[in-house]
Amino acid sequence: MDTEGTEGTAFAGAAEQVRMMAAGLITSPELVALYLDRIARLDGSLNAYRVLRGDAARAEAIGAQRRLDAGERLPLLGVPIAIKDDVDVAGEVTAWGTAAYGPAKESDAEIVRMLRAAGAIVLGKTNVPEMTIWPFTESPTFGATRNPWDLSRSPGGSSGGTAAAVAAGLAPLGLGSDGGGSIRTPATWCGLYGLKPQRGRVPLSPHDDGWHGLIVNGPLARTVEDAALFLDVTSTLTAPHGGFVAAAARTPTRLRVAITTKSPVGPTVRVGSAQRAAVAEAADLLRDLGHTVIDRRLDYGGVRGSWSVTARYLRGLHDDAATMPHPDRLEARTRRMARAGGLISDRQIDRLRRAEPGLAARVNAIFDDVDIVLTPGTAAGPPPVGAYRRRGALSTLNGAALRRSPFVAIFNATGQPAAVVPWGVDGDGLPRSVQLVGRPFDEATLLALSTQIETARPWADHRPLGF
């Protein structure tokens, strides 16, 4: 492959790279080599990857190219992807951002198996905060991951390594997981499209029912098409007619969109002026596109909604920590959080799960007369690296999660799909977003509206300087 244009290829995205390989413009071995070279040159400043599968990825790319040359076509054949390090990859440890991990895994998680079946090549595993519990990506074991838009800032978490890798052109597409905003928060702060699918849409096996129903797997992507392509190859639920890529390409009918900047966690959280401006600008664009936009107060479920998230999160951490082969190696702050989770009984969790349909009905009552809810993606920009290093457990949870990213976790409790759409940068030059929340099981409308916004306000070519 000619060196001219290789940097653009790194940022082209998975769907475009599939088309390029089909047209003979690049080979899979060249594509893998391009990313491995960029990682070698650039990841020292980011720390996005915990481990690379360099030799294995090269060998798999040669095999993929043979299949391409023979005329075989699969949705992701020959495309390298980044996998978050809470997901099992055969032959690699699943470190969960901690020294407490055990031996290498003997088999792939179900979602990795599905991605491989679609032709994808696992490039490496990306860094996470310890036990994936924080919206920033730092750990005593693997250090801090940095935001390519500003190396002094966090990329967010817990899918921070994946977000940094995709944003910096060190992978065309990445797998993340989201138990309380862990896809949407780093996607926001790294300028990516991040989608939390409907609960049950994408498999979690062998880590089923993570955090008692809060966690889902999903994509961090440069384009809406890439996210839709990810869903097409990983969905275990009924897809829209023609699939998600086709749904994303359809012009949506005239929609009713409710906008709100009210924080789900109460008036103590200040939503920044840049984030409020993004919602106002998005509302203007949606009106220009022919949609009806109304200001509405969303009922987030009050104390019951907040407790449904917090209790399942804490108990889930407790349960995950208990599976670690060396729990004594966990950071003291993590151990304190896990102990707090151990105080939440099975009976309390069962009660919350039984109450979930009522909570979801209360939150989703707004969809009786609107099609989409639009909120800020976060309440503030990304924190400086190390901002919470010496904080206690409660102070970290309050400062990092509730105050900076309050709009996301409630929709993990209700289970419905939500996506963040890049929306330019704030006064510090850091990415911001708006969040689109859909009806249960309706990723199709989210994708269609996201594509319409992407067409009117393209973001994929906006790249961090130096990458």
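The values are calculated or read from the model by the stated rules, or taken from the named source; none is laboratory data. Keep in mind it's a predicted model, so treat the numbers as computed, not measured. Cβ sites come from the backbone with ideal geometry, for glycine too, and all protein chains shown count toward neighbours.
So which of ASP88, ASP108 ends up being touching a Pro at 6+ places or on another chain (Cβ under 8 Å), acidic (Asp, Glu), touching a residue at least 12 places away in the same chain (Cβ under 8 Å) and not in a helix (DSSP H, G or I)? Lay out the reasoning, then the answer.
Values: ASP108 fails: touching a Pro at 6+ places or on another chain (Cβ under 8 Å).
Just a single option satisfies the conditions, and that option is ASP88.
Any idea which of (1) part of a helix (DSSP H, G or I); (2) closer than 25 Å to TRP189 by Cα; (3) of a type in the set (Val, Ile, Thr) is the one VAL271 doesn't satisfy?
Only one criterion in (1) part of a helix (DSSP H, G or I); (2) closer than 25 Å to TRP189 by Cα; (3) of a type in the set (Val, Ile, Thr) is unmet by VAL271, namely (1).
Which of the residues that make up the stretch 60-76 are surrounded by fewer than 17 Cβ atoms within 10 Å (Cβ to Cβ) and under 10 Å from SER28 (Cα atoms)?
Within the stretch 60-76, ILE62, GLY63, ARG66 qualify.
Could you grab the pairs with beta carbons closer than 7 Å, sequence gap of 6+ or different chains, first residue in the stretch 428-446 and within 26 Å of TRP149 (Cα to Cα) and in a loop (DSSP other than H, G, I, E, B), second one modelled with pLDDT of 95 or more and small (Gly, Ala, Ser)?
Final answer for the pair search is ASP428/GLY381; LEU430/GLY381.
Return the total of residues in the stretch 96-107 being touching an Asp or Glu at 6+ places or on another chain (Cβ under 8 Å), surrounded by fewer than 21 Cβ atoms within 10 Å (Cβ to Cβ) and of a type outside the set (S, T, N, Q).
Final tally of qualifying residues: 2.
Anything in the stretch 382-411 that is under 19 Å from MET131 (Cα atoms) and of a type in the set (Lys, Arg)? List them, or say none.
Within the stretch 382-411, ARG389, ARG390, ARG391 qualify.
Can you tell me how many residues within the stretch 4-59 are hydroxyl-bearing (Ser, Thr, Tyr) and farther than 19 Å from ALA221 by Cβ? It would help to see each step written out before you state the result.
Quick first cut of the stretch 4-59, residues hydroxyl-bearing (Ser, Thr, Tyr) only: 6, 9, 27-28, 35, 45, 49.
So of that shortlist, the ones also farther than 19 Å from ALA221 by Cβ come out as 6, 27-28, 45.
Residues meeting the conditions: 4.
Name the one entry in GLY429, GLY438 that is at pLDDT 95 or above and crowded, with 17+ Cβ neighbours inside 10 Å. Don't jump to the end; show me each part of the working.
On the way: GLY429 fails: crowded, with 17+ Cβ neighbours inside 10 Å.
Just one listed residue meets the conditions, GLY438.
Matching residues to (1) at positive phi; (2) part of a loop (DSSP other than H, G, I, E, B); (3) modelled with pLDDT of 95 or more; (4) not small (Gly, Ala, Ser):
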| residue | (1), (2), (3), (4) |
| --- | --- |
| ASP2 | no, yes, no, yes |
| GLU7 | no, no, no, yes |
| MET20 | no, no, yes, yes |
| GLU30 | no, no, yes, yes |
| ALA33 | no, no, yes, no |
| ARG50 | no, no, yes, yes |
| ASP55 | no, no, yes, yes |
| ILE62 | no, no, yes, yes |
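Take GLY194 and decide whether it is within 23 Å of LEU359 (Cβ to Cβ), in contact (Cβ under 8 Å) with a residue 40 or more places away in the chain, crowded, with 20+ Cβ neighbours inside 10 Å and in contact with a Lys or Arg (Cβ under 8 Å, 6 or more places away or on another chain). First the steps, then the outcome.
Values: within 23 Å of LEU359 (Cβ to Cβ): no; in contact (Cβ under 8 Å) with a residue 40 or more places away in the chain: yes; crowded, with 20+ Cβ neighbours inside 10 Å: yes; in contact with a Lys or Arg (Cβ under 8 Å, 6 or more places away or on another chain): yes.
Against the criterion (within 23 Å of LEU359 (Cβ to Cβ), in contact (Cβ under 8 Å) with a residue 40 or more places away in the chain, crowded, with 20+ Cβ neighbours inside 10 Å and in contact with a Lys or Arg (Cβ under 8 Å, 6 or more places away or on another chain)), GLY194 does not qualify.
From the list GLY143, GLY176, pick out the single residue that is touching a residue at least 12 places away in the same chain (Cβ under 8 Å) and buried (at least 24 other Cβ atoms within 10 Å of the Cβ).
Working: GLY143 fails: buried (at least 24 other Cβ atoms within 10 Å of the Cβ).
Only one candidate passes the filter, namely GLY176.
How about the stretch 325-363: which of its residues are part of a helix (DSSP H, G or I) and under 19 Å from ASN398 (Cα atoms)? Full working, then the answer.
Step one: of the stretch 325-363, the residues part of a helix (DSSP H, G or I) are 327-329, 332-342, 346-363.
ALA332, ARG333, THR334, ARG335, ARG336, MET337, ALA338, ARG339, ALA340, GLY341 - these are the residues of the stretch 325-363 that are part of a helix (DSSP H, G or I) and under 19 Å from ASN398 (Cα atoms).
Please find, within the stretch 77-89, the residue that is surrounded by the fewest Cβ atoms within 10 Å (Cβ to Cβ) out of those that are touching a strand residue (DSSP E or B) at 6+ places or on another chain (Cβ under 9 Å) and closer than 30 Å to GLU331 by Cβ.
VAL89
Being small (Gly, Ala, Ser) and either touching a Gly at 6+ places or on another chain (Cβ under 6 Å) or surrounded by fewer than 20 Cβ atoms within 10 Å (Cβ to Cβ) (or both) is the filter here; which residues of the stretch 274-310 pass it?
Start the filter on the stretch 274-310 by keeping residues that are small (Gly, Ala, Ser), which leaves 274, 277-278, 280, 282-283, 290, 301-302, 305-306, 308.
ALA274, ALA277, ALA280, ALA283, GLY290, GLY302, SER306, listed by residue number.
Given the criterion of a type in the set (A, V, I, L, M, F, W, C), in a loop (DSSP other than H, G, I, E, B) and either surrounded by fewer than 22 Cβ atoms within 10 Å (Cβ to Cβ) or touching a residue at least 12 places away in the same chain (Cβ under 8 Å) (or both), identify the matching residue among TRP459, TRP423. Talk me through it step by step, then tell me what you get.
On the way: TRP423 fails: in a loop (DSSP other than H, G, I, E, B).
Of the residues listed, the single one that is of a type in the set (A, V, I, L, M, F, W, C), in a loop (DSSP other than H, G, I, E, B) and either surrounded by fewer than 22 Cβ atoms within 10 Å (Cβ to Cβ) or touching a residue at least 12 places away in the same chain (Cβ under 8 Å) (or both) is TRP459.
Within the stretch 319-368, which residues are touching a residue at least 60 places away in the same chain (Cβ under 8 Å), over 25 Å from ASP442 (Cβ atoms) and of a type in the set (Val, Ile, Thr)?
THR334, ILE349
Among (1) of a type outside the set (A, V, I, L, M, F, W, C); (2) part of a loop (DSSP other than H, G, I, E, B); (3) surrounded by 24 or more Cβ atoms within 10 Å (Cβ to Cβ); (4) more than 16 Å from the chain's Cα centre (by Cα), there is one condition PRO155 misses while meeting the rest; what is its number?
So PRO155 meets the others, but not (4).
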